[in-house]
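Presented below is the structure to which this report refers.
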Amino acid sequence: MNLQADDIRSGAPDGAPIPKSDLDAIVVRFAGDSGDGVQLLGSQFSQETALVGNSLATFPDFPAEIRAPTGTTYGVSAFQINFGSRPIKTAGDQPDVLVALNPAALMVNYKGLRKGGLVILDAGAFKDKDIKRAGFAVDPRTDGTLKEFRVMEIDISAQALEVAKPFGVSQKEALRTKNLWVLGLVSWMYDRELKSTMEYIARKFGAEDPIGKANLAALNAGHAYGETHELSGDVAPVSMPSVKVEPGTYRLVSGAESLAWGLAAGAQLAGLEMVLASYPITPSSPILHILARMKQYGVTTFQAEDEIAACCAAIGASYGGKLGVTASSGPGIALKTEAIGLAIGTELPLVVVNTQRGGPSTGLPTKTEQSDLFIAVFGRNADAPMPVIASRSPCDCFEVAIEAVRLATKYMTPVMLLSDGYIANAAEPWRIPSMADYAPFKVEFRKDPEGFHPFVRDEKTLARAWAIPGTPGLMHRIGGIERDYNSGNISYDAANHQKMTDTRAAKINNIADDIPEQSVEIGEAKGKLAVVGWGSTFGPINRAVANMRAKGHDVSHIHIRHIWPLPRNLGALLKSYEKVLVAEMNNGQMLQLLRGQYLVDAKGLLKVSGQPLKISEVEDAIRAQLASA
Amino acid sequence: MNVQSPTEKLTAKDFASDQEVRWCPGCGDYAILKAMHKSLADMGVRPENTVFISGIGCSSRFPYYMATYGFHTIHGRAPAIATGLKLSRPELDVWMVTGDGDALSIGGNHLFHALRRNIDINILLFNNEIYGLTKGQYSPTSRVGQRSPSTPMGSVDSPAEPCVFALGCNARFVARGIDVQAKELGELFSRARAHKGASFVEIIQNCIVYNDAAFAGFTEKAVAADMQLHVKHGEKMLFGKERNKGLKLNTQTFALEVVTIGENGATEADILVHDEKNKVIANLLVGLRPPRFPEVLGVIYCDPAPSYEAAVAAQDAAARAKGPGDLDKLMRAGNTWQVS
């Protein structure tokens, strides 16, 4: 083992030495059994990293099973973090460091590691049966499997057992401190403070709990191991300066948190209380959990009996004059579609959050995908248009949630907000906004009986009047049967149905006048190639386009937030490039939408592996596009 | 728009909307609608604080004919929409109108949860044992052997029994009435509204087109007195033209029996006294079916328990007791750092 800290970096060509001063980002991947506490290890390391002022992006990558059988490859849970002193936009293509807490974790992850990267193994977990169970024919430490990497073997299990012994905890509990031992070691390697983790342990276990004491001891022991052991010659600690960012107060935020807070913020700006009705589903449930603890912010939550009831209860709440919200994921959204049609027909505000996951059907519940664009834009019976907007990152969820509430209340329409499993679980540093920075968009309920009927419309927005039960003089009936344009009473009239269908379409299309024109993220507004993305592929596309431009290529990045209606200028903008490449994590849904809307001969970079897009994949696709005639 | 000042006494007419009623001539729904108009006026409710929510089917057109707030929703989902409304606006009177197909077939799940949660809505299930609006298919309450376009040789599946279902869901208020018995229906509506929590009222309703006379065995004038038992809390369960028949509990079999006072040694003392809070007896009463037994009508079970929306509101209020939350503070709680 001959390891120089200089070699531990992101983006280094395989094996090539890079001067120490260029070390500005590192990708670390923690992997272990689903019961090893890898997610906790990763999120605590992220917290420590955020607190020293590094930029970072994380990628929790875990199986759908809560506790798969020990030692199996399908039970491996991983957490990847990319951190650095430059702005970090993705969780990193290739880890520089892999911590593998058992052979299965090594089996699943070693091929993704950068050549010359560092593998830290728990030697104590490499018994013959564990090695066989992971699918290695022979011990990967002895047969050259890892010859392209630097390997550091530590019997972490033995270390954890030893450290925990004085506290009288069971062997099982002692072994479960492995994650904190590793956190101590890795914190030493990158010069992170242990304080926030110590506080976490104190909060979680209290001062007197022997398990808490054992965990704290393991954390300190891992750190001390780095300091005092022979390691220091091989892995010198790396200190990374903080990233230059806008002044302000920062925190680490996950997409689910920022989305939940954004919904509450949106409701506050609209002057409404909010009712979230949801049914548990991965990866959407954290939104329900977070909002369930936000009652004092005017939020009521309701765990409904099913997805349909959740959507219907949210509609009932909107009918009553609150902001109805329902949050789910693909299969749940499919169940809600009839009810969404009712909200479209009766023109009631509703926010539908769709945290997309791999499909079809149950698909890959814990893995990310962007394959619900079609169901969002088109997935209802009949001509049933609704606005669709997509978040690009954990921080962006806050802004997008506020925008969803604004559109829903201003236009009296359901709005679908697309997030995804990656955004929901990932965390990044967030410059915390202030509520005073946002202009309120207060809802005015109809009170005046003069000239009232339930479908009397605002001339400009075409939104119908929102008159709520309890208002004297405005008693009226609404429903799923087609409504007369001039009275709101039921109508089967042919011309009226045409008019109402046209009006519903026009109302949604008009929103294009109320959203920003499409801008170009990087590059010129015309040229050889535009790479178009939406949602969580923002980071890799943005970095890839920046990298390719730095190499002199004529390529621009366009990121679409408003999926429906699309920005007014988008068609003309796309046509100002010779080529258009749509990069997305589905089989070509945005690609089809843009081709259909604008007759542009766009090509696709399409990936549906359940894993986020890599920078290198986008770069390769850009090269291929620029090289082809 | 009809605007009334809050003090004015309203009549049945004030609760009728200006829309032409589109049920078939002779449909039992007309009688129920009329009873509701009158009953609301008698109760002195305000139309602006009253909401009718329905699903899909003939019965679910009901809200269009009420001069209150109304929401005609989607098939089977009325309990969920009513739940969302009541959660958000607990002060409103929320009525839900549904049918046997809407409530017990496509919407069975939602009805179950609305009842077991005990949310304070008044559920009126119009049971005509047939799908009317889709032209006469058999329904989940149709009796075995029901011939219909989808069961030309007769249906073979065992029917659901609305009141049995409701009690099984732990409903705290279960009642049954007949479409044309306006006075009794009015009393049931009044009791249902007064009951805090989910109130379930099955209304036997005649579909004149697709299932006419389905209930003639106990609704026809000639047999009504002998085939209907109107139960009242604290009163003996007596029926019959001579009011000499009654229900007796067989303590050997734990089953109810019809006895005639003066026959086979039966005396008035043998006849059960109706106790609304007795769930054991309620379970027996809802299981009685003509022609062996009379159809049991009235408030069969009423034993209030805390309602769902009140419990939710109490938690919300407890959380808000220290004043409204400050989002700026919430977002700055925990680990933060300054960049200058």
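The values are calculated or read from the model by the stated rules, or taken from the named source; none is laboratory data. These numbers were taken from a predicted model, which means no experiment stands behind them. Neighbour counts are summed over all protein chains in view; Cβ atoms, including those assigned to glycine, are modelled from backbone coordinates with ideal geometry. To get the accessible areas, we keep the full protein, side chains included, count just its heavy atoms, and leave off ligands, DNA and RNA. Shrake-Rupley method; radii C 1.70, N 1.55, O 1.52, S 1.80 Å.
Brief remarks on what is shown
- Within the range A:89-183, helices (runs of 4 or more DSSP H) holding 1 or more residues that are among the small types (Gly, Ala, Ser): A:103-109, A:156-164, A:171-175
- When B:ALA213, B:ALA225 are screened for being open to solvent by 50 Å² or more (accessible area, probe 1.4 Å) and either free of Cβ contacts under 8 Å to residues at least 24 places away in the same chain or outside any strand (DSSP E or B) (or both), only B:ALA213 passes.
- Just one of (1) open to solvent by 60 Å² or more (accessible area, probe 1.4 Å); (2) in contact (Cβ under 8 Å) with a residue 24 or more places away in the chain fails for A:MET198. It is (2).
- The set of residues from the range A:499-509 being within 14 Å of A:ARG568 (Cβ to Cβ) and open to solvent by 50 Å² or more (accessible area, probe 1.4 Å) comprises just one member, A:ASN509.
- Output for the range B:263-289, where each listed residue is among the acidic types (Asp, Glu) and more than 15 Å from B:TYR301 (Cβ to Cβ): B:GLU263, B:GLU268, B:ASP270
- Of the helices (runs of 4 or more DSSP H) lying entirely inside the range A:356-438, those containing at least 1 residues that are of a type in the set (Ser, Thr, Tyr) and over 14 Å from the mean Cα position of the chain (by Cα) span A:396-411.
- Scope the range B:73-125; condition in a helix (DSSP H, G or I) and of a type in the set (A, V, I, L, M); matching residues: B:ALA78, B:ALA80, B:ILE81, B:ALA82, B:LEU85, B:LEU87, B:ALA103, B:LEU104, B:ILE106, B:LEU111, B:ALA114, B:LEU115
- Checking the stated criteria, A:ARG203 turns out to be of a type in the set (Lys, Arg), open to solvent by 60 Å² or more (accessible area, probe 1.4 Å) and within 31 Å of the chain's Cα centre (by Cα).
- The single condition among (1) more than 10 Å from chain B (Cβ to nearest Cβ); (2) within 26 Å of A:PHE441 (Cβ to Cβ) that A:THR282 does not satisfy is (2).
- Per the listing B:GLY76, B:GLY108, B:GLY136, the residue uniquely open to solvent by 10 Å² or more (accessible area, probe 1.4 Å) and at pLDDT 95 or above is B:GLY108.
- Helices (runs of 4 or more DSSP H) enclosed by the range A:240-347 - at least 2 residues per element that are free of Cβ contacts under 8 Å to residues at least 24 places away in the same chain and crowded, with 23+ Cβ neighbours inside 10 Å: none
Conditions tested, residue by residue: (1) open to solvent by 20 Å² or more (accessible area, probe 1.4 Å); (2) within 13 Å of chain A (Cβ to nearest Cβ).
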{"residue": "B:THR83", "(1), (2)": "no, yes"}
{"residue": "B:PRO90", "(1), (2)": "yes, yes"}
{"residue": "B:ALA103", "(1), (2)": "no, no"}
{"residue": "B:THR151", "(1), (2)": "no, no"}
{"residue": "B:VAL164", "(1), (2)": "yes, no"}
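- Test: residue in the range A:574-582 that is under 25 Å from A:GLN356 (Cα atoms) and not aliphatic (A, V, I, L, M): no
- Of the set (1) within 18 Å of the chain's Cα centre (by Cα); (2) of a type outside the set (A, V, I, L, M, F, W, C); (3) away from chain A (no Cβ under 14 Å), all apply to B:HIS110 but (3).
- Search result, residues across the range B:41-70 that are within 22 Å of B:ALA310 (Cβ to Cβ), within 7 Å of chain A (Cβ to nearest Cβ) and crowded, with 24+ Cβ neighbours inside 10 Å: B:VAL51, B:TYR69
One line per residue, one yes/no per condition, for (1) within 14 Å of chain B (Cβ to nearest Cβ); (2) among the small types (Gly, Ala, Ser):
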residue	(1), (2)
A:SER170	no, yes
A:LEU180	no, no
A:MET189	no, no
A:LYS195	yes, no
A:HIS229	no, no
A:SER242	yes, yes
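- Unique match (being more than 26 Å from A:VAL353 (Cα to Cα) and open to solvent by less than 50 Å² (accessible area, probe 1.4 Å)) among A:SER536, A:SER491: A:SER491
- When the test is whether a residue is over 28 Å from A:GLN356 (Cα atoms) and touching a Leu at 6+ places or on another chain (Cβ under 7 Å), A:ALA525 passes it.
- Residues in the range A:174-193 that are within 15 Å of A:VAL38 (Cβ to Cβ) and touching a residue at least 60 places away in the same chain (Cβ under 8 Å) were compared, and the one that is surrounded by the most Cβ atoms within 10 Å (Cβ to Cβ) is A:LEU180.
- Scanning the range A:348-374 for residues being open to solvent by 10 Å² or more (accessible area, probe 1.4 Å) and within 20 Å of A:HIS562 (Cβ to Cβ) gives a total of 3.
- Residue that is over 30 Å from A:TYR250 (Cβ atoms) and open to solvent by less than 40 Å² (accessible area, probe 1.4 Å), where the choices are B:GLY298, B:GLY234, B:GLY325: B:GLY298
- Number of positions in the range A:108-143 that are more than 14 Å from A:GLN80 (Cα to Cα) and surrounded by fewer than 21 Cβ atoms within 10 Å (Cβ to Cβ): 19
- Number of positions in the range A:471-486 that are touching a residue at least 24 places away in the same chain (Cβ under 8 Å), within 10 Å of chain B (Cβ to nearest Cβ) and open to solvent by 20 Å² or more (accessible area, probe 1.4 Å): 1
- Search result, residues across the range A:522-565 that are of a type in the set (Ser, Thr, Tyr) and either over 27 Å from A:GLU369 (Cα atoms) or in contact with a Gly (Cβ under 6 Å, 6 or more places away or on another chain) (or both): A:SER556
- Meeting the requirement of 1 or more residues that are more than 23 Å from A:GLY341 (Cβ to Cβ), the helices (runs of 4 or more DSSP H) wholly within the range A:489-590 are A:538-550, A:570-575.
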